[in-house]
Each structure stands twice: as C-alpha cells, then as structure tokens.
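Each remark here refers to the structure printed beneath this line.
The values are calculated or read from the model by the stated rules, or taken from the named source; none is laboratory data. Everything quoted here is computed from the prediction, not taken from an experiment. Note: ideal-geometry Cβ built from the backbone for every residue, glycine included; neighbour counts use all protein chains shown.
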Amino acid sequence: MLIRVLLLVALLAAAGLRPAFSHEGHSHGEEPAPPAVAAPRAEAHSELFEIVAVLGPDRRLWLYLDRHATSEPIDGATVQVTLDGEDLGAATRAGEATYLLANPALERPGQRNLVFIITAGEDVDLLPATLEIPAAAVAPTAAPGSAELLSMALREPVLWAAGLVLLLLGIAIGRAATPRALPPLVVAEPPATATRAQGLPAGAPSPGRVAAAPAAVALLAVLLVPMIAGAQPMDAPRRQPDGSIFVPKPSQRLLGLRTGTAEPGEAAVAIPLTGRVVADPNASGRVQASEAGRIEPPEGGFPMLGQRVARGEVLGFVVPIMAAQDRVGVRASIAELDALIVIGEARVRRLTALAGTVAAREISDARADLEGLRQRRAANLPAVTGREPILAPSAGLISVVRVAAGQVIQAQEPLFDIVDPTRLWVEAIAFDPAAVAEVSGASAVTAGGEALRLGFVGRGMTLRQQGLPLHFRIESGAAGLAVGQPVTVLVETPRRTVGIVLPAQAVIRNPEGGQVVYEMPSAERFLPRPVRAQPLDGQHVLVTAGLERGARVVTSGAGLIAQVR
C-alpha cells in the first residue's frame, strides 16, 4: 500500500511540475477570456470565414475553420500561416475541417501576430490574429504519441529526471518499510524438497519473484510518468462567472451547432389553438350491426388492425337470434306457407293443363299467388336459418376492431372503424371566434415536433365546449398520424407584425420558464438572451423583443448548450 501511495505522489509531483498558463486570446473589446485551464488560443473572422487557433502542449497549432454566418465547418480548404511576417507554410488536414501546423517558430514565447490566408473554392480571405505563446504549453487536446513523448523528454530533461528520482526513492522506502514475517508458533515440516535445497523457509517467495515485482512496478512507472505528465484533459465546455458559456470548437462540432444572422422582417400573426386529428367523413366509415345477433367470421377470418379493405368487402356475418316463442311462431308460419305453396303449385298445374278451356287471366293469377307465397317463405326463412353479411362502407385501413367469433351483439353496436390514412383532418377549438374570423392559412405541430401543412375547410356555427370548432384538411406530413392524436394548430391571419424570424428550435425554455435564445458574440462564447417570441408555423417563430439586428444566433443545438454546467 505504501508503495502505491508513494508512486501516486511521485506521479502527481511529476505532473505538477508542468506549469499551467492562460491568456486572453484574441481581443474582442470587453469579452471575458476563456477559462484559465484552456489552452492558448486566438480567433479571427470575416464575412466569409471564422478561424480558431489553439496551441497544443507540443507547440503544434490546431486550426478550426468554419463559415462565419452559419458556423458550418469548411473541409478541404488551404490555410497558409505567417508568424510575425515569417511564412510558416500551409497547415495540413488533421480531420474534418481541422488543420494542423508544426513549426519551431511556435516555440518562441511572447505575443505573436498571426496571419491566415484561407482559400476555400473560389473564396479567398486574409485573417489577422494575435496569439500569446506562453513559456510552456498548457492543456493538450489529446494524449501525446511516442514521437511527442521523446520530444518532450529532450526538451524537459529536468522534469523527467525529477520524476524518475522520486519514483526510485518511493520504491526504496517501500522495500525498507515492508514488514517481515513473524516466526510461526508451530514448526511444521517444509512441504517441498526444493525449499530445503535452496535453504529457504517454507512459504517464502522466491528471490526472482521478489526482485521482479519492484522491477515491473518501476518499469510501469517509468512508462506512465511521461504520459501522465504530458496528458492533460481537453478543453471542456463550461459556464463563465458572467453567465456566458464557453464551448470550444471541437465540442461545437460534436454538438452540431449552427448559427444564423438575426434580420428583422414582417410575418403574419399566428394564433395557437389546441386540436386533434380526426378522420375525413368522406373517406372513413363505422360498421354497425343493423340487428341483434351472433357474430361469425368470414372465410379467412376477421380483418386485423391495419389491414386494408375495399368498399363492399365482407367483414363478417350476423346470425339473428330470437326468443324461443318467436322462433316457434316463425317456423309455424314457414310450415303454413310450405303447405300453401304445395296447393298453389297443384292449382297452377291443373289450370295450365286446361289452357284452352280456362281463361288465361285465371292462370296468371294462380301463378302470381304462388310467387307471392314463395317470397313470403324466403323472407321468413333467414330469421331461423339465414345470416346477414357485414359489408365495408368505404375503402381504407381497419383502425378499430370490436368483434370476436361467437360474440352476441345488439342492434347499432359499432363493430369496425375504417380510416383512410391519406385523407385526415384536424379539428381545433377556438375560444375567441373573433380572432379567427379571417383565416389565411394554417399549420400544425405534433407533440414530437413534426410540422403539418393544413388547408382550411370550414367553421361550425354552434359552440362546442364553449368554443367554435374549426376543421382543417391535412395536405402534407400526415405519415404516422393516428386519429385522436393531439396537435397544436397555428392559424394564420391577414394581420402582419414586425420581428425576427428564427427556426422554432432556436428558442428554448430556461429553468424559470422564460424564452431564451443563445447569441454567439465570438467563436467559442455564447450568451443567453431572454426574448419574447410567438409561433408562426410548425418550423419558425417570430421574436418581437430581446434580440438586436445582426446578432449571430444559434439555430441548431441551443438545447444542448443550455445543458452545459
């Protein structure tokens, strides 16, 4: 245990010999500096590009190139760098939209003037920046490799020597403080002959094993000391004392942040309403039983949920059920009709045989009476032995199934619901009918953020739940919707208002419930701005207060920035 403690002390001491430097980077007026633990950095931007230069502990310069307006990374560009007028050459590509420059001139401490000549396609720009190079590098962005470790050892031999001396001293103290085994209370015969031959007590470790353990620890420590001393954590996002949020460029790439410029404009006033998805009455149907009876499945079984059916397709059968007394009466009527039919058939045959002596009118009347008796029998027979088919009133998908084989149902009981998913409506309730007297357009947003484009169908003339019902036809974006699903309907009116149009995801809620957007005054700094916004459609909002023209606002990833602590 003591060896482990001393080893940890040695490692921490070796790592602590490396001083940490901070600087204010590229000046932007009264902008606060990055966190003290951040690596030296500089930034510059123009209307086209934005570049951030970060100096690693190995004196290599990491460059992150983006579009200034949108913060979109630019890959495949050429970045030429000069330091105090000295040409350092072109940076090499180290990753997507990330460039790396290594030059001995970056080891000279002091305030240095950098100039970046950027060529991206047909766009060419020149960006100046100022970088404060400390006497020793600060937090690295990644663990150094073998070549970096050798370079560090050659540049800082005192650091490595001090770490090794402390390590060996800790091992020696640990060996000296190792407790010796007490003599056993009961002397037992040595279990192995080899122990007697070597002259060692039973159970004692071999000399090779005793010597190998400190050697392995020493070798492991020698390998770990330079890595721990050189490996510092990457710059992490964090909140500053002034309330701003520092998010380094690598973290911005991981979060997928995008920005946009706040430009004022006009937009139609939208009124949010609560609504739900309903079926189009002209493309849906409800199957009900016309009489009481017992349900029987058709050939192939009942249709399943989501199964597509055609108009007029047989969905099942209803076998009528009757009381015993009524059934006896029907059967007696059928028996009486059967007897009358036999008499009628005999009468028709007799009159037909006398066709020359009997008037033709009498023969036709006899045939008509016989046909009437047969129809009466056919009408009474299904009440005892027949069944009524259940037909689909419209084409679509089965959305509700309320039947089972052998189930006894009552008249007008709903059995199936059929819905056409391509023809759905939205019903909304307006509690201020005057506000929606004129509707120029409408859209809706589901709970999952999916936007729907709506077409106005009409409004009711009777209040429902103290509100006026409005119907809209879903014109696009209806995939995956279900009847009864709640949505937020945004009704556009002819009235216009002035503000800044932003994507809906740019405005988030703070812990107090207020609306907030994040402004990006510099390349790695974000400021929360309380705003007042109102929805326009399912994808945009109108900011009417709290945001200045020309501000660079986070349009994608604002919710992730808000989670930085």
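Exactly one residue out of Gly499, Gly480, Gly513, Gly484 is within 30 Å of Pro530 (Cα to Cα) and not in a strand (DSSP E or B): that is Gly513. Inspect the range 112-127 for any residue being in contact (Cβ under 8 Å) with a residue 12 or more places away in the chain, surrounded by fewer than 14 Cβ atoms within 10 Å (Cβ to Cβ), more than 26 Å from Leu257 (Cβ to Cβ) and touching an Asp or Glu at 6+ places or on another chain (Cβ under 9 Å) and give the result as yes or no. Checked against the condition, which is being in contact (Cβ under 8 Å) with a residue 12 or more places away in the chain, surrounded by fewer than 14 Cβ atoms within 10 Å (Cβ to Cβ), more than 26 Å from Leu257 (Cβ to Cβ) and touching an Asp or Glu at 6+ places or on another chain (Cβ under 9 Å), the range 112-127 yields at least one hit. For the range 256-283, the set of residues classified as surrounded by 14 or more Cβ atoms within 10 Å (Cβ to Cβ) and among the small types (Gly, Ala, Ser) consists of Gly260, Ala262, Ala267, Ala268, Ala270, Gly275, Ala279, Ala283, listed by residue number. Looking across the range 512-565, just one residue is of a type in the set (A, V, I, L, M) and exposed (fewer than 15 other Cβ atoms within 10 Å of the Cβ), and that is Ala545. Pairing residues of the range 466-486 that are outside the structural domain of Val436 (by TED's automatic domain parsing) and of a type outside the set (Gly, Ala, Ser) with residues that are buried (at least 17 other Cβ atoms within 10 Å of the Cβ) and part of a strand (DSSP E or B), at Cβ distances under 7 Å and at least 6 apart in sequence or on separate chains, gives no pairs at all.
Taken together, Arg286, Arg253 contain a single residue that is among the charged types (D, E, K, R) and surrounded by fewer than 17 Cβ atoms within 10 Å (Cβ to Cβ), which is Arg286. What are the residues in the range 507-536 that are over 16 Å from Ile245 (Cα atoms) and either in the same structural domain as Ala69 (by TED's automatic domain parsing) or touching a strand residue (DSSP E or B) at 6+ places or on another chain (Cβ under 7 Å) (or both), if any? Across the range 507-536, the qualifying residues are Val507, Arg509, Gly514, Gln515, Val531, Arg532, Ala533, Gln534, Pro535, Leu536.
Screening the candidates Ala33, Ala94 for the property of being farther than 15 Å from Pro128 by Cβ, part of a strand (DSSP E or B) and at pLDDT below 90 yields one hit, Ala94. When Val487 is tested against (1) in contact with a Gly (Cβ under 8 Å, 6 or more places away or on another chain); (2) modelled with pLDDT of 90 or more; (3) within 25 Å of Thr261 (Cα to Cα), only condition (3) is not met.
Scanning the range 79-100 for residues that are out of contact with any strand residue (DSSP E or B) (no Cβ under 9 Å at 6 or more places or on another chain) and closer than 24 Å to Ser251 by Cα yields a count of 1. Within the bounds of the range 372-387, is there any residue that is modelled with pLDDT of 85 or more, among the charged types (D, E, K, R), closer than 18 Å to Phe317 by Cα and assigned to a loop (DSSP other than H, G, I, E, B)? No; the residues of the range 372-387 include none that is modelled with pLDDT of 85 or more, among the charged types (D, E, K, R), closer than 18 Å to Phe317 by Cα and assigned to a loop (DSSP other than H, G, I, E, B).
For the range 421-448, the tally of residues that are surrounded by fewer than 18 Cβ atoms within 10 Å (Cβ to Cβ), farther than 12 Å from Leu273 by Cβ and in contact (Cβ under 8 Å) with a residue 24 or more places away in the chain stands at 7.
Taking residues in the range 320-334 that are loosely packed, with under 14 Cβ neighbours inside 10 Å and part of a helix (DSSP H, G or I), and partners anywhere that are of a type in the set (Ser, Thr, Tyr) and at pLDDT 70 or above, not one pair has Cβ atoms closer than 9 Å while being at least 6 places apart or on different chains. Among the residues of the range 289-306, those identified as within 40 Å of the chain's Cα centre (by Cα) and surrounded by fewer than 14 Cβ atoms within 10 Å (Cβ to Cβ) are Gly301, Met304, Leu305, Gly306.
For Leu463, the criteria (1) in contact (Cβ under 8 Å) with a residue 24 or more places away in the chain; (2) surrounded by fewer than 16 Cβ atoms within 10 Å (Cβ to Cβ); (3) hydrophobic (A, V, I, L, M, F, W, C) hold in every case but one, which is (1). Residue pairs whose Cβ atoms lie under 7 Å apart, separated by 6 or more positions or on different chains, with the first residue in the range 69-90 and farther than 18 Å from Thr130 by Cα and the second among the basic types (Lys, Arg) and surrounded by 13 or more Cβ atoms within 10 Å (Cβ to Cβ), are Thr70/Arg258; Ser71/Arg258; Glu72/Arg258; Pro73/Arg253; Ile74/Arg67. All of Val491, Val457 fail the test of being part of a strand (DSSP E or B), surrounded by fewer than 16 Cβ atoms within 10 Å (Cβ to Cβ) and of a type outside the set (Gly, Ala, Ser), apart from Val457.
Residues of the range 511-541 that are aliphatic (A, V, I, L, M) and farther than 27 Å from Glu50 by Cβ: Leu536 alone.
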